[in-house]
Amino acid sequence: MRPADRLTEAHTKVRTLQVPEGVRTALSRKLLVVTAGVKHDLADAARRLDGSMKDLGEGRSPEGD
């Protein structure tokens, strides 16, 4: 799957989560950082997205929040 498609899917998942607004905001910000990083280092952005999606799938909140 293309990185753009994966990011779109990730943003959709975050928008539909039943979590407090602060958690949703933090997750969205993490995804925005990944989105910006795609322009500079695709491999690093892919790793970050994988980690974020794994955390999301396992129910973990963003670090530091």
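For this structure, a couple of remarks:
- Meets criteria (open to solvent by 90 Å² or more (accessible area, probe 1.4 Å) and among the acidic types (Asp, Glu)) for GLU21: yes
- Candidates ASP5, ASP44, ASP55, ASP50 - the one that is free of Cβ contacts under 8 Å to residues at least 40 places away in the same chain and open to solvent by less than 40 Å² (accessible area, probe 1.4 Å): ASP55
- Filter result (surrounded by 15 or more Cβ atoms within 10 Å (Cβ to Cβ) and either at pLDDT 90 or above or under 13 Å from THR8 (Cβ atoms) (or both)) within region 31-41: LEU31, VAL34, THR35, VAL38
The values are calculated or read from the model by the stated rules, or taken from the named source; none is laboratory data. What you see is a predicted model; the values in this text were computed from it and never measured. Positions of Cβ are backbone-derived with ideal geometry, glycine not excepted, and every protein chain shown enters the neighbour counts. Note: areas computed on protein heavy atoms with side chains; ligands, DNA, RNA excluded. Shrake-Rupley method; radii C 1.70, N 1.55, O 1.52, S 1.80 Å.
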